[in-house]
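Heads up: the structure comes next, in structure tokens.
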Amino acid sequence: MLGWPYWKKNSSWRIALEKFHDALIIGSGMAGLRAAVELAQETSVAVVSKVFPTRSHSGAAQGGITAALGNEEEDHWEWHMFDTVKGSDYLADQDAVEIMVRDAPRAILELEHMGVPFSRNHRGLIAQRAFGGHTRDFGKAPVKRACYASDRTGRVIVDTLYEQCLKMGVVFYPEFLLLDLIFQKQRCVGAWLLDISRGEALRVWAKSVLIATGGAGRLFRTTSNCFGNTGDGLAVVLCHGIPLQDMEFVQFHPTGLRGVGILLSEAARGEGGVLRNGLGERFMARYAPQILDLAPRDIVSRAILKEIREGRGVEGQPYVHLDLTGLGEKRIKERLWEVASFARIYGGVDASLEPIPVEPTCHYFMGGIPTDPDGRVLGDGKQSPVQGLFAAGECACVSVHGANRLGCNSLLDLVVFGRRAAKAMAECIKEAPDLPPQDMGEPHKPERLQKLLQARGPETVPGIRQDLQGLLMDHCSVFRDEKGLLAALEGVLELQQRFTRLGLGGGGRSFDLEVVEALELEHMLVVARVVVESALCRKESRGAHFREDHPQRNDALFLKHTLVFYDGQEVRIDWKPVKITRFPPKERTY
Amino acid sequence: MLVTLRVFRLDPTRESEPHYDEFSMEAKPWERILDCLNRVRWEQDPSLAFRSSCGHGICGSDGMLINGVCGLACQRLVKEYPEGLITLEPLPNFQVIRDLVVDLDPFYQKYEKVKPYLITGEQAPERERLQSPSEREVYDEAIRCILCACCTAACPITPKQSEFLGPAALLRAFRYLFDSRDQASRERMEILDREQGIWGCKGHGLCTRVCPKEIDVRKWLGRTKKRLHDARIAAGSQQELSTDTGGQGPA
Ligand SMILES: Cc1cc2nc3c(=O)[nH]c(=O)nc-3n(C[C@H](O)[C@H](O)[C@H](O)COP(=O)(O)OP(=O)(O)OC[C@H]3O[C@@H](n4cnc5c(N)ncnc54)[C@H](O)[C@@H]3O)c2cc1C
Ligand code: FES
């Protein structure tokens with residue numbers, strides 16, 4: 001006897017239909033769920049996700065979420081704003097940053113009211129800790145600004161938001177993949193989805209659509225990102241003639257576990273952990289004498305690689321040490337339980353006794369779909385909103401992170417702009433035209449799905465994907481130059497060609513992961529192409545984008561956002577000015 | 001080292017009986033079982049179906065039976081199986097959708113039944129609701145739960161009593177029942193005070209043994225039982241709950 005007397009005799013238990021909703025949210029990370037909670041108060045909302053909602057990538061966020069609550073020590077939104085702008089290497093739009101940091105305390109308290117189990121200080125208030133680049137008094141010394149729940153902040157917020165959605169009756173389509181957006185008369189009116197568990201396409205009509213599909217860290221060989229972060233939303237939007245903004249800015253997190261890239265949160269340094277090179281030196285003193293290990297990520301990542309290049313890696317190997325041994329077992333257990341467990345399980349290291357081997361790992365995309373501060377997607381990247389289409393979260397670029405994001409500002413971005421987008425969607429729904437009548441007949445499946453199901457060429461998905469990840473890692477990661485970027489571009493073009501000769505097993509059935517990965521790979525190729533092309537155009541170094549052939553920041557020529565368009569063949573670059581309100585650009589030192 | 005995965009295969013739309021396929025490969029000792037499964041799919045048989053997302057034990061997607069023990073494929077390393085033969089099967093007590101993918105809808109439905117959200121009577125205050133570190137500490141371990149369903153799949157009660165809420169849902173119930181900010185203790189205890197609820201738990205402790213996040217599930221379910229028991233006594237009745245002992249407010 002096998003032990004599984006139960007299985008579904010017939011996998012078509014869900015009936016294929018067209019669906020109709022007022023609001024359709026693609027992505028159930030923190031941005032999508034926050035928006036859903038807001039919309040559910042007013043209207044019928046559905047959330048689509050490649051994975052069951054609580055399995056979304058936001059759940060992996062460990063360290064915290066920023067707000068100048070001042071629960072531990074004096075803090076002000078102006079300080080938070082200054083840090084964010086300086087951290088961004090002055091590329092963030094300061095009007096958007098101001099909206100975010102001023103709204104931050106409200107947003108955090110609201111999460112607490114929903115039930116998020118934040119860690120507490122002895123006064124019973126939400127506890128806060130130090131994180132990279134967060135300072136008091138406009139850069140003077142580190143400040144405790146990150147609100148946290150041990151080191152599982154992301155997961156408990158996602159769980160809480162999902163649970164709020166359950167309470168409010170939000171409709172979920174878990175394990176459905178966005179295939180394409182549907183436009184009618186320049187207006188976004190819905191989406192095509194692939195029902196992964198049935199291998200069938202589904203058409204959903206909606207009066208407004210939010211893209212909240214997260215980042216694309218999987219473009220790189222070493223990454224902290226989940227398997228699904230393949231830039232789907234970015235690619236789909238781009239292929240409808242809408243530009244992406246600032247795509248050259250890809251953040252590498254300094255402390256990925258060596259070899260696997262799994263993230264060891266910056267909270268580890270916030271709690272007092274230090275980085276050491278092969279000589280045991282606390283080398284950050286050379287690169288950021290004032291705030292040392294709590295310097296922003298771009299600076300620390302470059303510092304680590306510089307130490308390695310100059311022969312000071314541990315045992316001559318390409319890694320350094322994250323040393324938590326000074327923290328004591330109790331503090332580690334209380335505040336860094338997950339970090340210690342990752343080190344133990346995947347690195348074989350007891351963090352309270354030995355240092356942990358780390359290397360930079362691809363972590364976050366600062367660029368994305370250009371939006372205004374209310375999440376409206378800008379069709380020209382500058383000012384014309386696309387009717388019915390919104391974006392929020394890591395896939396969007398309101399531009400609060402500019403050229404480099406500070407730790408814990410992403411989660412804040414998600415809840416602040418997720419909510420704002422939802423409010424704008426509610427307005428949009430009120431004036432939207434009626435949805436089409438219910439009996440539209442059997443819809444034709446989207447062509448790209450049909451094509452993939454019939455693909456019988458010699459190329460394979462893993463083959464192309466592996467080459468792509470290697471290409472970007474080698475030529476387009478922490479250090480870049482023109483020669484390497486040109487090689488990357490040539491390589492990506494060749495891989496796009498190879499993709500046309502793909503061959504699949506022709507499953508098209510339940511949980512056909514080969515088809516899913518082929519669709520994702522198609523997205524990855526497009527996104528990789530625009531990342532490289534954007535990086536080629538920016539002949540300066542700023543934040544995470546470091547050009548060895550142009551090592552200085554050049555405000556005269558490049559204090560501007562990149563917009564990249566793609567027509568299916570050619571890439572076109574455009575620019576737009578940065579909004580500067582309070583803090584004029586200065587040299588960035590820590 | 002040479003690793004052989006013996007994998008449960010079934011496509012219920014095409015077959016009436018499952019079978020096992022064997023896949024061998026050279027693997028490094030510190031590779032995850034999930035890495036091996038991915039390599040099967042990428043190098044040998046693209047039709048193999050399983051779930052995964054984060055790859056490091058935080059999302060809860062890849063619960064399965066690994067050599068007969070419920071666990072996460074991304075948390076088990078090859079070196080833990082020196083004999084090199086690893087049998088992978090879907091989580092028991094759930095219907096198989098395909099290969100290692102099971103239908104978790106019933107699991108999620110039970111989780112929804114315990115009202116997994118903070119319930120408070122009054123208008124939210126201006127600042128945060130206060131909670132002392134020790135009040136927060138009570139459920140610190142419980143919020144590590146990632147809903148991977150390993151505990152519930154391992155629980156010996158479920159096969160006998162399909163309505164039993166199971167350890168994961170009961171743990172979530174504990175988390176809210178013991179949150180000092182919550183004010184629905186009574187409502188929550190009514191949901192739990194039945195054989196399909198907390199009393200279905202007979203303290204076997206398999207949940208605790210398999211939990212990938214090292215949560216002492218049995219202990220926290222025990223705490224819940226005691227809370228219900230005390231509430232009954234306070235109400236002066238062995239039969240029925242009629243008092244509200246929760247929601248004492250901020251310390
Ligand atoms: C390991 C790690 C730790 C981090 N820690 C922190 C931290 O402490 N603080 C902080 O501020 N930030 C942190 N970040 C960054 C932050 O977590 C992410 O930027 C953020 O979670 C992104 O959220 P999101 O809602 O935009 O997208 P995600 O959470 O990535 O969600 C994307 C959603 O879209 C869905 N989706 C994607 N493509 C499709 C498709 N084609 N069809 C249907 N659905 C789709 C996915 O299933 C998912 O539900 C961390 C990131 C990582 C990787
Ligand atoms: S893949 Fe996320 S828990 Fe294993």
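Which residue, of B:R172, B:R136, B:R129, B:R181, is among the charged types (D, E, K, R), closer than 26 Å to B:V102 by Cα, open to solvent by less than 40 Å² (accessible area, probe 1.4 Å) and within 13 Å of chain A (Cβ to nearest Cβ)? Break it down stepwise before answering.
Numbers: B:R136 fails: closer than 26 Å to B:V102 by Cα; B:R129 fails: closer than 26 Å to B:V102 by Cα; B:R181 fails: closer than 26 Å to B:V102 by Cα.
The unique qualifying residue is B:R172.
If B:S132 satisfies every condition in (1) touching a strand residue (DSSP E or B) at 6+ places or on another chain (Cβ under 7 Å); (2) within 30 Å of B:V3 (Cα to Cα) but one, which is the exception? In the conditions (1) touching a strand residue (DSSP E or B) at 6+ places or on another chain (Cβ under 7 Å); (2) within 30 Å of B:V3 (Cα to Cα), B:S132 misses (2) alone. Every listed requirement among (1) modelled with pLDDT of 95 or more; (2) open to solvent by 10 Å² or more (accessible area, probe 1.4 Å); (3) within 30 Å of A:G388 (Cβ to Cβ); (4) not in a loop (DSSP other than H, G, I, E, B) is met by A:F20 save one, (1). Screening the candidates A:A343, A:A351, A:A391, A:A396 for the property of being open to solvent by less than 50 Å² (accessible area, probe 1.4 Å), in contact with a Phe, Trp or Tyr (Cβ under 8 Å, 6 or more places away or on another chain) and at pLDDT 95 or above yields one hit, A:A396. Consider segment B:189-215 and keep the residues that are buried (at least 17 other Cβ atoms within 10 Å of the Cβ) and within 14 Å of chain A (Cβ to nearest Cβ). The one that is farthest from ligand 2 (Cβ to nearest atom) is B:I215.
Filtered by the rule that a residue be within 16 Å of ligand 2 (Cβ to nearest atom) and out of contact with any Lys or Arg (no Cβ under 7 Å at 6 or more places or on another chain), segment A:44-80 gives A:S49, A:K50, A:V51, A:F52, A:P53, A:T54, A:R55, A:S56, A:H57, A:S58, A:A60, A:A61. When restricted to residues that are near ligand 2 (Cβ under 10 Å from one of its atoms) and at the interface with chain A (Cβ under 9 Å from one of its Cβ atoms), segment B:53-68 contains 9.
Given the residues A:L177, A:L166, A:L161, A:L193, which is the only one that is more than 14 Å from chain B (Cβ to nearest Cβ) and either of a type in the set (A, V, I, L, M) or closer than 30 Å to B:K113 by Cβ (or both)?
A:L193 is the lone residue from the list that is more than 14 Å from chain B (Cβ to nearest Cβ) and either of a type in the set (A, V, I, L, M) or closer than 30 Å to B:K113 by Cβ (or both).
Residue count for segment B:97-108 satisfying the condition of being in a loop (DSSP other than H, G, I, E, B) and more than 16 Å from the chain's Cα centre (by Cα): 2. List the number of the failed condition for A:R152; all other conditions in (1) more than 10 Å from chain B (Cβ to nearest Cβ); (2) within 16 Å of ligand 2 (Cβ to nearest atom) hold. Going through the list (1) more than 10 Å from chain B (Cβ to nearest Cβ); (2) within 16 Å of ligand 2 (Cβ to nearest atom), A:R152 breaks only (1). Can you confirm whether A:K144 is modelled with pLDDT of 95 or more, surrounded by fewer than 23 Cβ atoms within 10 Å (Cβ to Cβ) and away from every other protein chain (no Cβ under 14 Å)? Here the answer is yes, as A:K144 does meet what is asked. Out of curiosity, is B:C145 touching a helix residue (DSSP H, G or I) at 6+ places or on another chain (Cβ under 6 Å), open to solvent by less than 10 Å² (accessible area, probe 1.4 Å) and either within 16 Å of ligand 1 (Cβ to nearest atom) or touching a residue at least 12 places away in the same chain (Cβ under 8 Å) (or both)? The answer is no for B:C145. Just checking, does segment A:521-540 include any residue being open to solvent by 10 Å² or more (accessible area, probe 1.4 Å), assigned to a loop (DSSP other than H, G, I, E, B), touching a residue at least 60 places away in the same chain (Cβ under 8 Å) and touching a helix residue (DSSP H, G or I) at 6+ places or on another chain (Cβ under 8 Å)? No, segment A:521-540 contains no residue that is open to solvent by 10 Å² or more (accessible area, probe 1.4 Å), assigned to a loop (DSSP other than H, G, I, E, B), touching a residue at least 60 places away in the same chain (Cβ under 8 Å) and touching a helix residue (DSSP H, G or I) at 6+ places or on another chain (Cβ under 8 Å).
Against the list (1) away from ligand 2 (no atom under 16 Å from the Cβ); (2) farther than 23 Å from B:C155 by Cβ; (3) open to solvent by less than 20 Å² (accessible area, probe 1.4 Å); (4) not in a loop (DSSP other than H, G, I, E, B), the condition B:V40 fails is (1).
Taking the criterion of being within 9 Å of ligand 1 (Cβ to nearest atom) and either within 14 Å of another protein chain (Cβ to nearest Cβ) or among the small types (G, A, S) (or both), the residues of segment A:405-423 that qualify are A:G407, A:S410, A:G418. In segment B:46-102, the qualifying residues are those that are within 16 Å of ligand 1 (Cβ to nearest atom) and polar (S, T, N, Q), and the one that is farthest from A:F227 (Cα to Cα) is B:Q75. Out of all the residues in segment A:28-52, which are in contact with a strand residue (DSSP E or B) (Cβ under 6 Å, 6 or more places away or on another chain) and modelled with pLDDT of 95 or more? Result: A:S28, A:G32, A:A35, A:A36, A:L39, A:V45, A:A46, A:V47, A:V48, A:S49, A:K50, A:F52. Hey, can you tell me all the residues within segment B:21-37 that are open to solvent by 10 Å² or more (accessible area, probe 1.4 Å) and either in contact (Cβ under 8 Å) with a residue 40 or more places away in the chain or within 15 Å of ligand 2 (Cβ to nearest atom) (or both)? Once the filter is applied, which keeps residues that are open to solvent by 10 Å² or more (accessible area, probe 1.4 Å) and either in contact (Cβ under 8 Å) with a residue 40 or more places away in the chain or within 15 Å of ligand 2 (Cβ to nearest atom) (or both), segment B:21-37 yields B:K28, B:P29, B:W30, B:E31, B:R32, B:D35.
Beta carbons closer than 6 Å, at least 6 apart along the sequence or on distinct chains, pair a first residue in segment B:53-72 that is charged (D, E, K, R) with a second that is open to solvent by 10 Å² or more (accessible area, probe 1.4 Å) and more than 6 Å from ligand 2 (Cβ to nearest atom) for B:D62/B:R51.
Among residues of segment B:88-108 being without any contact (Cβ under 8 Å) to a residue 40 or more places away in the chain and charged (D, E, K, R), the one that is least open to solvent (accessible area, probe 1.4 Å) is B:D103. Here segment A:202-227 is the region considered, the condition is being more than 13 Å from every other protein chain (Cβ to nearest Cβ) and open to solvent by 20 Å² or more (accessible area, probe 1.4 Å), and the residue that is farthest from A:P174 (Cα to Cα) is A:R221. Does B:R129 satisfy being part of a loop (DSSP other than H, G, I, E, B) and within 16 Å of ligand 1 (Cβ to nearest atom)? For B:R129, the condition - part of a loop (DSSP other than H, G, I, E, B) and within 16 Å of ligand 1 (Cβ to nearest atom) - is not met.
Residues of segment B:83-96 include none that is among the acidic types (D, E), assigned to a helix (DSSP H, G or I) and more than 9 Å from chain A (Cβ to nearest Cβ).
A:P584 meets the conditions (1) in a loop (DSSP other than H, G, I, E, B); (2) within 30 Å of A:L178 (Cα to Cα) in every case but one. The failed one is (2).
Residues that are within 12 Å of another protein chain (Cβ to nearest Cβ) and either open to solvent by 10 Å² or more (accessible area, probe 1.4 Å) or touching a Lys or Arg at 6+ places or on another chain (Cβ under 8 Å) (or both): does segment A:127-140 have at least one? Checked segment A:127-140: at least one residue is within 12 Å of another protein chain (Cβ to nearest Cβ) and either open to solvent by 10 Å² or more (accessible area, probe 1.4 Å) or touching a Lys or Arg at 6+ places or on another chain (Cβ under 8 Å) (or both).
Any chance segment B:34-44 includes a residue that's within 8 Å of chain A (Cβ to nearest Cβ), closer than 27 Å to A:G154 by Cα and under 21 Å from the mean Cα position of the chain (by Cα)?
No, that holds for no residue.
The values are calculated or read from the model by the stated rules, or taken from the named source; none is laboratory data. Because the structure is a prediction, the values reported are computed rather than measured. Cβ sites come from the backbone with ideal geometry, for glycine too, and all protein chains shown count toward neighbours. Protein only, heavy atoms only, side chains kept; ligands, DNA and RNA dropped before computing areas. Shrake-Rupley method; radii C 1.70, N 1.55, O 1.52, S 1.80 Å.
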